Amino acid sequence: MHWLNFEHNGQSFVGYQEGDRIQPVEADDMFAVIDGRGTEPAGDSLSLDDVRPLAPIRPGKVICVGQNYMDHCREQGIEPPKKPLLFSKYPTCVIGPGQEIRWVEGLCEQVDYEVELGVIIGKAARRVTEEHALDFVFGYVTANDVSARDLQFNDGQWMRGKSLDTFCPLGSAIVTADEVPDPQDVSLRCRVNAETRQDSNTFEMIFSVRYLIAYMSQAFTLEPGDLILTGTPDGVGVFRDPKIFLKPGDIVEVEAGDFGVLSNPVGDTLK
Ligand code: MG
């Protein structure tokens, strides 16, 4: 199923997609759906044209993986890491489809895109094995790990450059795990102003979704509604020659598999 948060006539709802329509359900938020509550239909279905998709979830933890694609390591001329490089983004950076990516004028000048497969955890995972790791996945979501490279590389650690407000577009749908039988075979694409910048597949991942969940869960508990961003393939702006960064007026589109296009404009800098 494809689960969405959406707005209709000024009210927000949770629902699932059926072709070009969406069926609202009783649940107030996606956490209830993940928990299996409130999934009964509530009211008539609506045309997708009549609703505005919102970010499908305001996740709990957002745990990210750096340098997790062979092609991304090749473009940087670095050896693939021996173990996952983990960092985090704050949940306050999540925005939905169509919302503007923005930053404060003068705070940063090297803002970049990163298409990623996002994993939404479905039940608490603590010290799980690789063999059982995918049983803890509720679904998958298209994500853009927007990054201010100047802050990321000059701060000594990555947190600030990754966590600016609006720096985690998500959506529009969470696609349930049963519809993604092999998370290591999902195409990933990113376009800026309709020009293809990234075009790869999750089979280039160094550490698989299965491995990452097992690895993380040895260190900390993954909870329902946590989001894992699994890394980005090659083609990011900072490793191009010449480097190219996002600017106000750009339109960034990212896609994972056939989940749908996640499009976000870059807004004017905040004065
Ligand atoms: Mg990333």
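The values are calculated or read from the model by the stated rules, or taken from the named source; none is laboratory data. This one's a predicted model, so the numbers in the text were calculated from it and none came from an experiment. Note that we place each Cβ from the backbone using ideal geometry, even for glycine, and neighbour counts take in every protein chain shown. With ligands, DNA and RNA removed, areas are computed over all heavy atoms of the protein, side chains included. Shrake-Rupley method; radii C 1.70, N 1.55, O 1.52, S 1.80 Å.
Here are a few things to note about the model shown:
- Residue match in region 176-195 (condition: surrounded by 24 or more Cβ atoms within 10 Å (Cβ to Cβ) and of a type in the set (Ser, Thr, Tyr)): no
- Residue satisfying condition, being open to solvent by 10 Å² or more (accessible area, probe 1.4 Å) and outside any strand (DSSP E or B), within set Pro233, Pro242: Pro242
- Applying a threshold of 7 Å to beta carbon distances and a minimum spacing of six or more residues, or different chains, the list of pairs starting in region 25-50 at a residue that is not assigned by TED's automatic domain parsing to the domain that holds Gln11 and surrounded by 13 or more Cβ atoms within 10 Å (Cβ to Cβ) and ending at one that is of a type in the set (Phe, Trp, Tyr) and part of a loop (DSSP other than H, G, I, E, B) is empty.
- When Asp226 is tested against (1) more than 18 Å from the chain's Cα centre (by Cα); (2) farther than 18 Å from Val115 by Cβ, only condition (1) is not met.
- Some residue of region 167-182 being within 17 Å of Gln110 (Cα to Cα), polar (S, T, N, Q), out of contact with any Leu (no Cβ under 6 Å at 6 or more places or on another chain) and in the same structural domain as Thr92 (by TED's automatic domain parsing): no
- Taking region 39-65 as the range and being over 13 Å from the mean Cα position of the chain (by Cα), of a type outside the set (Lys, Arg) and in a strand (DSSP E or B) as the test, the residues that pass are Pro41, Leu46, Ser47, Pro53, Leu54.
- Exactly one residue out of Ala177, Ala219, Ala194, Ala214 is free of Cβ contacts under 8 Å to residues at least 24 places away in the same chain and of a type in the set (A, V, I, L, M, F, W, C): that is Ala219.
Table: residues versus (1) of a type in the set (S, T, N, Q); (2) assigned by TED's automatic domain parsing to the domain that holds Pro183; (3) in contact with a Leu (Cβ under 6 Å, 6 or more places away or on another chain).
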{"residue": "Ile78", "(1), (2), (3)": "no, yes, no"}
{"residue": "Ser88", "(1), (2), (3)": "yes, yes, no"}
{"residue": "Thr92", "(1), (2), (3)": "yes, yes, no"}
{"residue": "Gln110", "(1), (2), (3)": "yes, yes, no"}
{"residue": "Glu116", "(1), (2), (3)": "no, yes, yes"}
{"residue": "Asp145", "(1), (2), (3)": "no, yes, yes"}
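- Scanning region 105-148 for residues that are away from the ligand (no atom under 16 Å from the Cβ) and assigned to a strand (DSSP E or B) gives Ile120, Ile121, Ala125, Val137, Phe138, Gly139.
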